[in-house]
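Student: Following this message is one structure expressed as structure tokens.
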Amino acid sequence: MSDRNLAGGELLTTRLSLRRPTEADIDAIFAIHSDPATCLHNPSDALARPEEAGELFRRWNDQWQSCGYGYWVVRRHDSALQLGFCGVKPMELNGMKVLNLFYRFATSAWGQGFASEAAIAVTSWASRHVPDLPLIARVRPANAASQRVAVRAGLTRAEHLDGTGYDGFDWIYAAKLPN
């Protein structure tokens with residue numbers, strides 16, 4: 001299997017379809033990332049102008065092209081409405097190569113278990129398709145909802161990796177850390 005075709009483009013859960021983003025998702029990228037509530041704990045991710053969503057889509061698409069995986073758009077099976085985004089990207093944490101688990105959902109999708117369901121699917125996918133990299137989630141200490149999603153996705157606190165991130169101090173949740 002080619003590294004550039006790891007994901008096959010779609011993941012399915014009981015209620016959700018996760019698909020590779022297309023240009024048709026740029027408006028949803030802007031809507032979700034320009035909502036102050038969705039970026040409350042990560043203000044550097046907030047978008048102020050629609051063209052920034054296009055730039056973000058291009059970065060996501062570039063990662064898909066180079067890695068064969070990235071962030072998926074999350075929808076209910078019976079709907080075209082984008083609920084949010086969930087996926088992984090390679091990065092370094094304290095000099096260690098890792099996959100960072102990302103999830104961000106529209107406020108209308110909060111409290112229904114969609115983020116956990118998507119994160120579990122992505123975590124399972126990553127363990128099968130990118131087994132050599134530890135999986136982490138960077139979470140603000142005050143973001144209890146995000147902490148619950150990380151735990152439900154099978155990650156546990158790795159306090160020894162905590163540190164300053166883009167928007168403040170990050171608690172690290174991890175799976176598959178080397179011994």
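The values are calculated or read from the model by the stated rules, or taken from the named source; none is laboratory data. Since we're looking at a predicted model, the values are computed, not measured. Cβ atoms come from the backbone with ideal geometry, glycine included; neighbour counts cover every protein chain shown. Ligands, DNA and RNA are excluded from the accessible area calculation, which covers all protein heavy atoms including side chains. Shrake-Rupley method; radii C 1.70, N 1.55, O 1.52, S 1.80 Å.
Student: With springs only between Cα atoms under 10 Å apart, run a GNM on the chain and tell me which of Arg58, Arg138, Arg15 wobbles the most.
Tutor: Maximum among the listed residues: Arg15.
Student: Right, another one. Sort Asp170, Asp45 by heavy-atom solvent-accessible area, probe 1.4 angstrom, most to least. Don't skip to the answer; put the middle values down first.
Tutor: Numbers: Asp170 5, Asp45 55 Å².
Of Asp170, Asp45, the descending order of accessible area is Asp45, Asp170.
Student: Given an 8 Å cut-off on Cα distances and at least 6 residues of separation, report the relative contact order of region 1-106 as a percent. Write down the numbers at each step before the final one.
Tutor: Working: 161 pairs, mean separation 28.4, N = 106.
After rounding, I find 27 percent.
Student: Further question: In the Gaussian network model of the chain, springs joining C-alpha atoms below 10 Å, which of Ala109, Ala118, Ala153 carries the largest mean-square fluctuation?
Tutor: Among Ala109, Ala118, Ala153, the largest mean-square fluctuation in the Gaussian network model of the chain belongs to Ala109.
Student: A further question follows. When the helices in the chain are scored as -39500 (n - 2.57) per DSSP H run of 4 or longer and the sum is shared across all residues, what 222 nm value do you end up with, to the nearest 500 deg cm²/dmol? Walk me through the numbers on the way to the answer.
Tutor: Working: 4 runs with 51 residues, N = 179.
That calculation yields -9000 deg cm²/dmol at 222 nm.
Student: May I ask you to compute the full-extension gain from Ala144 to Glu159, defined as 0.36 nm times their residue separation minus their alpha-carbon distance, rounded to one decimal in nm? Walk me through the intermediate numbers first.
Tutor: Details: separation 15, 0.36 × 15 = 5.40 nm, distance 1.57 nm.
Separation in residues times 0.36 nm, less the Cα-Cα distance, equals 3.8 nm.
Student: Right, next: For labels at Glu10 and Asn94 in the simple 7 Å Cα→Cβ model, what's the distance in nm?
Tutor: 4.0 nm
Student: Convert each backbone phi in region 123-138 into a coupling constant with the Karplus relation 6.51 cos²θ - 1.76 cosθ + 1.60 (shift: θ = phi - 60°), then list the ³J(HN,Hα) values in order as whole Hz, x for Gly and Pro.
Tutor: 4, 4, 4, 4, 5, 7, 9, 9, x, 7, 9, x, 10, 10, 10, 9
Student: Can you check what the net charge comes to around Tyr173, using other residues whose Cβ is under 11 Å from the Cβ of Tyr173 (Lys, Arg +1; Asp, Glu -1)? Write down the numbers at each step before the final one.
Tutor: Details: positive: Arg138, Arg148, Arg152, Arg157; negative: Glu159, Asp162, Asp170.
With Lys, Arg at +1 and Asp, Glu at -1, the neighbours total +1.
Student: Could you give the length gained by full extension between Asp62 and Asp45, i.e. 0.36 nm per residue of separation minus their alpha carbon distance, to one decimal place?
Tutor: 4.3 nm
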